[in-house]
Structures are given as C-alpha cells and as structure tokens.
Amino acid sequence: MSDAAKKPVKLGKKDFESDQDVRWCPGCGDYAILATVQRTLATLGVAREKTVFISGIGCSSRFPYYMNTYGFHTIHGRAPAIATGLKVTRPDLDVWVITGDGDGLSIGGNHLIHVLRRNVDLKILLFNNQIYGLTKGQYSPTSKVGTRAASTPSGSVDHPVNPLALALGAGATFIARCTDTDAKTMAAILKAAHEHPGTTFVELLQNCPVFNDGIWDAVKDDAVNHQIKLVEGEPMRFGPNGSKGIRVTDDLEPEIVEVGDGPGQVPVSQLLVHKERGSKMRANLLARMTHPDFPVPVGVLHSEVKPTYETMAHQKVDDAIAQQGTGDLQKLLFSGMTWEVDADGVKA
Amino acid sequence: MTKQHELDRVVIRFAGDSGDGMQLTGTEFTKAAAEAGNDIATFPDFPAEIRAPAGSLPGVSGFQLHFSSSEIYTPGDAPDVLVVMNPAALKTNLKDLVEGGTIIANAGMFVEANLKKAGYADNPLENGSLDAYKLHAIDISALTLAALDGSPLSTKEKGRAKNFFALGLVFWMYGRETESEIRRIHKQFAKKPDLAEANILVFKAGYHYGETAEVFQTQYKVPPARWTPGVYRNITGNEALSMGLLVGAHLAGKPLFYSGYPITPASSILHSLAKYKQFGCVTFQAEDEIAAMGAAIGGAYGGAAAVTASSGPGIALKGEAIGLAVMTELPVVIVNVQRGGPSTGLPTKTEQSDLAQALYGRNGEAPLPVIAAKTPGDSFYCAVEAMRVAIKYMVPVILLSDGYIANGSEPWPLPDLRSLQPIPVNHRTDPENYYVYDRDPATLARAWVTPGTPGLEHRIGGIEKDALTGNISYDPANHERQTYVRADKVARVAQEFGELDMRGEDEGDVLLIGWGGTFGSLRQATEAMRDQGKKVTHVHLRWLSPLEPKLDALIPRFKHVVCAELNAGQLRPVLRSKYLVDVVGLNKIQGQPFKVREVIAAIDGLLGDRVGASKDGETVVTRGEARA
C-alpha cells in the first residue's frame with residue numbers, strides 16, 4: 001500500500017464525479033460499475049490527486065473521463081504497459097487500469113500476461129460483455145462458440161478464453177469476479193484489491209444492452225442457482241437454502257452435489273471450503289467453473305503476497321547506491337581508458 | 001636489421017570466424033593506437049548470426065581500424081593491412097585490400113576442409129594468386145599451441161588464444177608498447193588467471209615472432225596526431241548515447257526511465273543503462289516494442305525523463321504509441337539505431353533508410369522533431385539535445401543513430417559537464433485557471449502537470465481534445481486548429497538550432513547535403529575535393545525535422561545540390577518539394593558506409609555532367625532513375 005493510501009481524506013461519491021456527461025448507451029452495465037467505483041473510492045482514504053485511471057480503447061475505456069481523478073485514455077490494448085511505466089516511476093500513486101474483453105484479452109493480451117507476471121501494483125478492472133461494443137458488435141475473445149455477431153452472421157467458431165484462468169496462468173497474485181450490478185460484492189472486491197500489494201485482476205460481468213443484451217442474465221437474475229458467493233472458510237454452497245454444493249472428484253474436477261445427510265446426498269464436511277490464500281491448484285479449479293456448467297464463483301477467488309515489480313526495481317537502484325555510492329557523472333564519463341593532450345597538442 | 005619506416009596513416013582490418021575473437025583483437029589494438037596518441041576511427045562489421053558455421057563465408061567477422069598522425073574522419077576506405085584467420089576471411093575481404101597491400105594469414109587454418117568451405121579450389125597462399133600483395137603466411141595456430149606448451153589449458157582453450165598472437169604481431173609491426181596491453185589482459189581475465197597467463201604468453205610470442213622472423217624487415221611508426229588540448233577517451237556511439245541520456249536526465253533534475261526491448265543494434269544502450277543504477281536510472285525490459293513505448297509514455301506522464309530505443313522494425317511497432325505521445329504532448333525520447341531494412345533486412349549492417357519512417361511513420365498528421373547523430377561522440381550531445389527539446393516543447397523526439405556510429409568508435413574529447421546548460425522543468429502546481437492545452441506562447445508547450453498534484457486533476461488521451469480545456473472535442477474547426485498547433489510547435493524547435501555545420505563557401509558548384517552517420521566520409525571527401533580546387537561545400541544537417549531554415553538562403557546559390565544518403569533517397573524528395581530545386585541524390589544501399597573515394601568519384605561525375613546510368617554496385621549521382 002502506498003503512503004497516499006494511509007492518509008485520512010474525507011471524500012464522498014460526488015468528489016469522484018467529473019464534469020463530463022456520461023455517454024454510454026442507456027442501460028449499459030458501465031453506469032452501475034462507475035457508480036460503485038466512485039462510491040468505493042470515496043471510502044479508501046486516498047486523495048483524488050493520488051489516484052489515476054488508465055484505460056485502453058473500447059466503451060469501458062471511456063471510464064477515466066468520468067472520474068474526477070487523474071486519467072489517461074490511451075490506445076487499444078496498451079493500458080497495462082502505460083500504467084506499468086507510470087507505476088514504476090511513481091510508486092506513490094494508486095493506479096487503476098480499465099479494460100474490456102477485446103482490449104485486454106485480444107489486442108492487449110500480451111501486455112496483460114506480462115503485467116500479471118511482473119506483479120506491478122496496478123488495479124485492473126476488466127469489463128467482460130463478450131462483445132465488441134464500440135466497433136458495433138463483433139464477437140470477442142470471450143464470446144461463446146456459435147455467437148452470431150456482425151462479423152460472424154452464421155455463428156463464431158473459435159473457442160473463448162477464460163479470463164481468470166488466463167490470469168492465473170500468467171501468475172496473477174489476485175483474481176476476483178462479480179457482476180456489474182452487484183454493488184455490495186464489487187465494493188468489497190475493490191477494497192480488497194486496493195489493499196492487495198501487487199496486480200489485482202477483477203473480471204466484471206457487464207451487460208451490453210445494444211449488441212449482446214442479457215448475456216449474463218442467467219447468472220445475474222437467478223444468482224441463487226448460478227452464483228457461488230465466496231466466503232473465506234465457508235463451504236461452497238448454492239441453490240435454495242444452500243441445497244447444492246461443490247465437491248472435488250478424485251480426478252481433481254469440481255462436481256455439483258446435493259448437500260445433506262440423506263441417500264445420494266453429500267455431507268457439508270465433504271464440500272470444498274473457500275480459502276482465498278489457498279493453492280494455485282485450488283484457485284485454478286475455481287477459475288475453471290464457468291457458466292452454464294457450473295455456478296459462477298463470485299468474490300475474491302485467490303490472492304497471494306509476492307513482492308511487486310516496482311518495489312524490487314527500486315530496491316536494485318537503492319542497493320547499487322548503497323554499494324557504489326550515488327553515481328558521479330563526471331567520473332563515469334572519465335572512466336575507461338582516458339588520455340590527456342597538453343597545450344602543445346600532443347598526447348601527454 | 002629491422003628498418004623503421006614512418007607512416008602518416010594506416011588502415012588495418014582484422015577478419016576471422018565470428019568465434020575467432022576479431023572484435024576483441026581490433027578493440028585492443030585500437031586502445032594501443034589511442035594510447036600512442038593517434039587519431040582513430042573504427043568500424044566493426046559482423047554477421048547477424050551469433051555463430052555461423054565455423055569457417056563459412058557468412059560467419060566472417062571483421063574489425064577495421066584507421067589510425068593516423070593527422071585528423072581523420074572515417075575508418076578508411078580500404079585496408080592497407082589485412083589480418084585473416086582463415087580462408088573464408090581472405091575470400092570475403094581481399095577485394096577491399098589496397099593494391100600491393102599486406103596480408104597476414106593464419107596458414108594453419110588454410111587446410112582442405114576450410115578452403116572448400118570458402119570456395120577455394122586450391123590454397124591461395126601457395127598458388128601464386130596473391131603475388132601482387134605482401135603476403136605473410138604464418139601458422140599462427142601451431143605457434144600458439146607451441147607457446148602454450150605446458151599450460152594446464154585444454155587444446156581447445158589453447159587454440160582460442162590465437163587472436164592474441166595476431167595482436168602481438170601487429171603490436172610489433174607498429175611499435176606499440178606492450179606493458180599496458182599485458183595489464184589490460186590481466187584485468188580483463190582477472191577471474192580466470194590461467195587464461196590471462198595463456199593470452200599473455202601468446203601475445204608475447206606474437207610480438208617476438210615479429211621481432212625475430214626475417215619476413216618482417218620493417219617496423220612502421222605512425223607518430224602521434226595533433227589534438228585540441230583536453231582529456232580524451234575512446235567511445236562508441238551507443239556508449240556515448242547512453243551517457244548522453246543519463247546526463248540529459250541529470251540536467252533536467254530527473255531520474256532516467258528507460259524502457260526497451262532487445263533488438264540489434266540498439267540493445268547495448270539497454271545494457272549500458274542497466275549498469276547505471278547508482279545514478280537512479282531504472283531500466284525496464286518490456287514484453288515487446290509497443291510496451292516499451294507505452295511504458296516510456298507512462299513514465300513521462302508521471303514526470304520522469306523517459307526514453308525508449310530500438311531499430312527500424314521496433315520503431316514500426318511503436319508507431320501508434322508514438323502518435324499517442326504526439327497527441328497527448330508528452331516528452332519522450334525515441335532512439336532509432338538504424339539498420340538495413342525493410343523487414344528484418346540486414347540487422348548488423350548500417351543504413352539510413354528509416355528517415356521517412358521517422359518523419360512520416362504514424363497515422364494522421366503527427367509531426368515530431370527528428371535529430372540525427374553524425375559521429376559516435378556526437379551521439380552524446382544529440383541525446384542531451386533530444387531530451388532538452390522533448391521537455392521544453394512537450395513533444396516526443398526521435399533521435400536517429402545507425403549501426404555504423406553505434407558500434408564504431410572514435411577518440412572523444414570529454415565534455416565539461418559544468419558547461420552544459422541545465423534543462424529547466426516546470427511542473428505546474430497552480431490550479432488557478434489551469435487548462436490542459438493552455439500553451440506557452442514561445443514554445444507552444446502545454447504545462448507538464450503530473451499526477452499527484454492537488455487541484456489539477458484532469459484527463460488526457462488519444463481522442464482529439466478541445467484546444468483549451470482538453471475535453472473531448474469533435475468540432476471540425478478545433479481539430480484543424482489543433483493539427484496546425486502540433487505542427488507549429490515542431491516548427492518552432494528551429495529556435496534551438498545552433499550554427500550550421502558547414503565546410504566551404506556559401507556559394508559554389510556543389511552543395512553536398514548529408515545527415516547522420518555519413519558525416520566522416522562526406523566531410524573528408526569535401527576536404528579532398530576542395531584541396532583540388534573544386535567549389536564544393538558540405539552541409540551536414542543535425543535536425544531533419546524541422547528543416548534547417550538556413551538552407552533557404554543557401555540552396556539557390558549552388559549550381560548543383562546533392563543529397564547524400566545511405567538509402568534510395570529519403571531526404572532528397574523532402575528538399576525537392578520544399579525548395580522546388582532539382583536536388584540530385586548520392587545513394588548507397590549496401591549495408592556499408594560511403595567510401596571517401598566513392599563520394600569524390602560521384603561528385604566528379606556530376607561535375608563532368610554524368611548523372612544516372614550507374615553500373616550495379618557503383619555509387620553515382622542520380623535523379624532516382626530505375627536501376628533494374
């Protein structure tokens with residue numbers, strides 16, 4: 001956590017609203033996310049000027065214009081790279097990255113992988129609506145096979161990427177997920193992400209009412225049956241009265257079971273228990289539980305503490321100064337083999 | 001009895017397999033020449049492959065050194081002495097040797113297998129084909145092993161020391177002092193004393209062989225050159241550039257943030273800066289070229305002195321992000337150490353074919369200042385200047401170098417840091433009447449407000465912005481206004497230009513215009529032609545964008561205007577369109593620098609009314625006629 005984060009500052013949601021009109025389509029999931037982010041930021045105790053939002057290109061990437069903080073709307077897919085440069089040179093700032101499924105996982109996939117691997121202290125929010133919205137409705141890297149979109153009138157044929165599994169594979173130290181309208185869970189995730197030293201990767205299941213309306217409806221409207229709210233130390237249950245649960249098979253696959261002590265039922269003691277700081281295998285298992293085969297795990301799936309890139313990079317500088325003293329440019333220039341030429345113009 | 005013979009200048013080329021240590025041999029001999037007070041210029045020329053098959057033609061690595069008792073500008077057109085460690089090295093380099101030049105060949109490697117690999121039917125050292133040269137065929141391999149008789153090293157390790165035999169031999173030939181070389185070997189191999197000992201033994205053996213073998217009857221002396229008083233060191237372009245970046249950041253009172261991705265021939269800048277952490281320099285090896293540019297933009301946004309470097313292919317990838325820096329008006333220095341193109345092209349060879357890319361290689365109207373270093377040492381000052389302009393005008397600046405000056409070296413009079421002007425930085429903190437695109441009336445720079453400044457929170461981005469408030473604007477008139485402001489800002493960089501780098505009168509028969517790493521050849525050729533009474537003036541441009549305003553008055557006063565470039569003509573059309581003058585081109589695209597004699601011959605041709613109609617490989621003045 002940066003110094004800025006420790007300073008007590010009293011702020012409200014309004015303090016984080018910029019003077020620009022918000023121009024997303026009516027009904028866009030981005031409105032709900034914006035409101036929750038503004039409201040949550042006001043509770044983090046960070047001065048507005050110490051907060052920076054950096055985005056790429058896409059509908060979601062207009063986000064910084066609506067935040068009354070520092071903001072940088074960059075180019076398609078490159079926000080993690082630009083944010084890395086900023087955070088490495090200015091570790092005192094709280095840097096948030098706003099991206100989407102096309103921006104972050106397609107054109108910017110490489111940067112996402114490497115920022116996660118390096119564990120730069122950036123807070124990444126990926127708005128996943130399974131479609132390209134700004135370019136008017138082409139299928140995206142998270143679209144399901146068979147998605148009929150402007151560029152795939154007879155249905156897409158390529159397999160979608162799983163954002164959280166990809167993040168874990170890249171070495172993410174914090175992954176979380178929730179839906180656009182679930183303000184309570186989102187606020188909790190944003191706070192946890194802010195506290196986490198290192199890259200945090202949050203997948204926000206976001207609705208595009210124009211080009212992919214209702215893609216998450218099943219998950220959102222019937223949360224009881226299609227979401228598992230992850231609670232530390234609690235067995236993973238869902239369904240009415242927690243009648244169903246998740247157990248792990250001998251083949252290390254999650255399976256849905258009926259919970260209870262009756263015939264064909266599985267006792268609570270055999271269910272998978274959530275452990276945020278658990279193993280990567282456990283995290284991977286959760287990340288691979290996708291709709292519609294499984295209820296979608298919501299909350300913080302995994303976190304682990306590792307040194308951040310910028311801390312180590314600056315440590316190297318500090319070590320060099322401690323060992324060699326602060327660099328002397330004159331000395332550096334005059335290093336190597338030098339020779340002097342006297343006033344007579346001949347080498348001394 | 002050995003005769004002593006005095007020479008004004010010598011060009012020597014060491015050539016061998018890329019594993020033969022020719023770069024090291026050349027570098028060490030260069031140090032000795034510098035130590036003896038000669039003026040020097042070097043040209044390492046190596047293959048793209050790390051280790052091409054041993055003994056093969058593509059695997060030949062060369063290092064040319066020109067040392068002199070008078071001022072020199074280039075590593076020399078043609079070697080007087082050729083040291084070849086195998087048949088392939090002889091095959092690829094013999095055509096460059098001067099008539100009657102000296103060949104020192106490692107006869108031990110001229111065995112059937114190697115001769116075959118080099119395409120020799122029989123041994124050129126024995127069949128009389130080299131009779132026109134002074135040939136010294138010496139079994140360096142065997143003499144090296146003999147010198148190391150009793151050494152604990154393996155036969156393979158012993159064999160590797162043979163370049164030190166060659167080094168010792170040329171030390172003797174030119175009467176170089178051995179003691180400091182022995183000290184250098186000790187230092188260089190401090191961690192491997194066995195190797196140090198072996199290399200010194202072999203080095204001495206080579207030296208003594210020169211002294212005692214009857215074949216070498218003459219020892220040559222190149223007396224010290226006359227210099228401007230001061231302290232000197234030998235420096236390559238990339239070393240000078242790296243130090244210039246550090247010094248530039250220092251003058252701005254900022255830490256240097258360097259992000260890069262490995263690419264030949266720019267990588268050694270990253271290597272150098274990675275060693276300068278004690279200066280507060282943070283280096284970031286990015287995942288790709290785009291990220292390297294992106295991180296530099298992020299660094300600049302945060303208030304760092306931000307730099308990225310690459311070569312043509314990498315700059316192509318950075319293009320979109322460079323446009324973002326143009327649009328958001330952030331100070332980033334982008335270095336392009338040019339190499340042969342297009343595509344992968346000739347990665348280890350030099351070319352100036354990325355000028356058009358630097359000037360125009362972005363979408364939209366995206367002008368930016370472009371500066372080009374002319375010599376290895378000049379790379380230092382260009383780096384400082386690029387940093388100064390980037391910060392003062394809030395603009396990304398492209399600094400062009402090339403493979404030739406990046407790897408080539410010259411004696412460099414060390415700068416007095418106190419004489420360099422500080423680079424003023426003003427990070428605005430006053431929220432009163434702050435507008436993102438409010439501009440300095442003299443430079444048109446917007447204020448460099450960094451995140452963390454209370455009360456000045458604002459948003460920037462790649463979408464066109466209102467000319468004052470910085471809010472998104474799609475207003476047609478605003479876009480046109482902003483486009484012209486961005487261009488005008490670049491044009492105003494001309495305010496920073498110093499004296500024109502010109503040799504000759506401001507009128508005459510030929511105005512020879514060059515830029516970048518061709519400086520040495522063009523200047524030396526100009527001197528030679530002027531000595532012959534020809535009315536030739538050489539102007540070497542430091543800035544390619546904006547164009548030098550002093551050309552306006554100059555260009556109309558010459559009968560011929562020649563633009564010399566190592567490309568098919570990229571500055572030439574710029575000059576033609578701006579001045580509506582029939583600028584002719586002197587172009588070479590062979591991955592090699594201009595030879596002085598080529599320049600002279602081409603200008604002579606022009607003065608004799610011979611333009612165009614060149615033979616393949618011949619460098620002549622043209623109007624860009626098709627050659628196919």
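What is the percent of Cα-Cα separations in chain B that go past 48 Å? Percentage above 48 Å: 19.
With coordinates expressed along the principal axes, the C-alpha atoms belonging to the stretch B:388-451 extend over 52, 28, 25 Å, beginning with the largest.
Pairwise over distinct Cα atoms, reciprocal of the mean inverse distance: report the Kirkwood radius of the stretch A:120-259 in Å, one decimal place.
Working: mean 1/r = 0.0592 Å⁻¹.
Here the Kirkwood hydrodynamic radius works out to 16.9 Å.
Among the listed pairs A:K306/B:K191; A:K275/A:K306; A:K13/B:K318, those with a Cα-Cα distance over 28 Å are A:K306/B:K191; A:K13/B:K318.
I want the local charge near B:G455. Using Cβ-Cβ distances under 13 Å, sum +1 for each Lys or Arg and -1 for each Asp or Glu among the other residues.
Details: positive: A:R48, A:K50, B:R428; negative: A:D15, A:E49, B:D430, B:E432, B:E457.
That sum, taken over residues with Cβ under 13 Å, equals -2.
Relative to the longest principal axis of the Cα atoms of chain A, the long axis of helix A:109-118 lies at roughly 70 degrees.
The equivalent ellipsoid of the stretch B:345-396 has semi-axes of 21, 19, 7 Å, largest first, where each one is the square root of 5 times an eigenvalue of the Cα gyration tensor. Comparing B:I463, B:H5, B:L167 along the charge dipole axis of chain B, the residue lying farthest to the positive side is B:I463, per the Cβ-charge model. Which of the pairs A:K316/B:K277; A:K123/A:K144; B:K535/B:K595 have their Cα atoms more than 18 Å apart in this structure? The answer is A:K123/A:K144; B:K535/B:K595. Derived value for the stretch A:232-313: Kirkwood hydrodynamic radius 14.0 Å. Basis is the mean of 1/r over every pair of different alpha-carbon atoms. Gain on full extension, evaluated as 0.36 nm per residue between B:R481 and B:K275 minus their Cα-Cα distance, stands at 69.7 nm.
Beyond a 26 Å Cα-Cα separation, which of these cross-linked pairs lie in this structure: A:K87/B:K275; A:K191/A:K220; B:K374/B:K578; A:K87/A:K184? Kindly include the intermediate steps, with their values, before the conclusion.
Details: A:K87/B:K275 22 Å; A:K191/A:K220 22 Å; B:K374/B:K578 23 Å; A:K87/A:K184 28 Å.
Over 26 Å Cα-Cα: A:K87/A:K184.
With the Cα gyration tensor of the stretch B:501-622 in hand, convert its eigenvalues to equivalent ellipsoid semi-axes via √(5λ) and list them largest first in whole Å.
Details: eigenvalues 74, 54, 40 Å².
Three semi-axes, in Å: 19, 16, 14.
Of all aspartates and glutamates in the structure, the ones whose alpha carbon falls short of 13 Å from that of B:K192, not counting any fewer than 8 places away in one chain, are B:E157. Shape class of the stretch B:267-333 from the Cα gyration tensor (axes a ≥ b ≥ c, square roots of the eigenvalues): oblate, since a/c reaches 1.5 or more and a/b does not exceed b/c.
A DSSP coil position with no more than 15 other Cβ atoms inside 10 Å describes the following trypsin sites (Lys or Arg not before Pro) in the stretch A:118-209: A:K136, A:K144, A:R148. Measuring how big the stretch B:431-556 is from its alpha-carbon positions, Rg and Dmax come out at 21.9, 68 Å. Against the empirical curve 2.2 N^0.38 Å, the C-alpha radius of gyration of the stretch B:233-419 lands at a ratio of 0.91. Averaging the sequence gap over all C-alpha pairs within less than 8 Å and six or more residues apart, then dividing by the number of residues, gives chain A a relative contact order of 14 percent.
Cα centroid separation, the stretch B:364-414 to the stretch B:431-470: 27 Å.
In what order do B:T155, A:T200, B:T283 fall by count of nearby beta-carbon atoms within 10 Å, going from fewest to most?
The fewest-first ordering by Cβ neighbours comes to B:T155, B:T283, A:T200.
The loop-placed GluC sites (Glu not before Pro) in the stretch B:442-535, going by DSSP, that have at most 11 neighbouring Cβ atoms within 10 Å of their Cβ come out as B:E499.
Rounded, prolate or oblate: which one fits the stretch A:177-239, using the alpha carbon gyration tensor with axes a ≥ b ≥ c (rounded when a/c is under 1.5, else prolate when a/b beats b/c, else oblate)? Display every interim value, and only then the final one.
On the way: a/c = 2.73, a/b = 1.25, b/c = 2.18.
Verdict is oblate for the stretch A:177-239.
Is it possible to state the helix-based mean residue ellipticity at 222 nm for the protein assembly as shown, with each DSSP H run of 4+ residues giving -39500 (n - 2.57), the sum divided by total residues, to the nearest 500 deg cm²/dmol? What is it?
Working: 31 runs with 314 residues, N = 976.
Computed mean residue ellipticity for the protein assembly as shown: -9500 deg cm²/dmol.
Helix A:79-89 versus the longest principal axis of chain A: what is the Cα-based angle in degrees, 0 to 90, to the nearest 10? Orientation of helix A:79-89: about 50 degrees from the principal axis. Qualifying trypsin sites (Lys or Arg not before Pro) in the stretch B:19-101, where qualification requires a DSSP coil assignment and no more than 12 other C-beta atoms within 10 Å, comprise B:R51. In plain terms, if you count all Cα to Cα distances in the protein assembly as shown and split them into 20 Å steps from zero, the share in each step is 13, 37, 30, 17, 3, 0 percent. When B:D440, A:D158 are arranged by Cβ crowding within 10 Å, least crowded first, meaning fewest neighbours, the order is A:D158, B:D440.
If one computes P(r) from the Cα atoms of chain A, what percent of pairs lie at distances over 35 Å?
Working: 18201 of 60378 pairs.
Summing the P(r) tail past 35 Å for chain A gives 30 percent.
Helix A:183-195 and the longest principal axis of the Cα set of chain A meet at an angle near 30°.
As a footprinting exposure proxy, order B:Y393, B:Y474, B:Y434 by other Cβ within 10 Å, with the fewest listed first. Mind dumping the intermediate values first?
Numbers: B:Y393 25, B:Y474 9, B:Y434 17.
Exposure proxy ranking, most exposed first: B:Y474, B:Y434, B:Y393.
Each part reduced to its alpha carbon centroid, the stretch A:49-112 and the stretch B:261-330 end up 18 Å apart.
Pairwise Cα distances in the stretch B:3-221 exceed 21 Å for 52 percent of all pairs. Here the stretch B:37-117 is treated as a sphere whose radius is the Kirkwood value from Cα pairs; by Stokes-Einstein at 10 °C and 1.306 mPa s it diffuses with a coefficient of 115 µm²/s.
Computed from the coordinates by the stated procedures, all read-outs in this text should not be read as laboratory data. From a predicted model like this one, the values you see are computed outputs, not experimental measurements. Every residue, glycine as well, gets a Cβ built from its backbone with ideal geometry; the counts of neighbours run over all protein chains shown.
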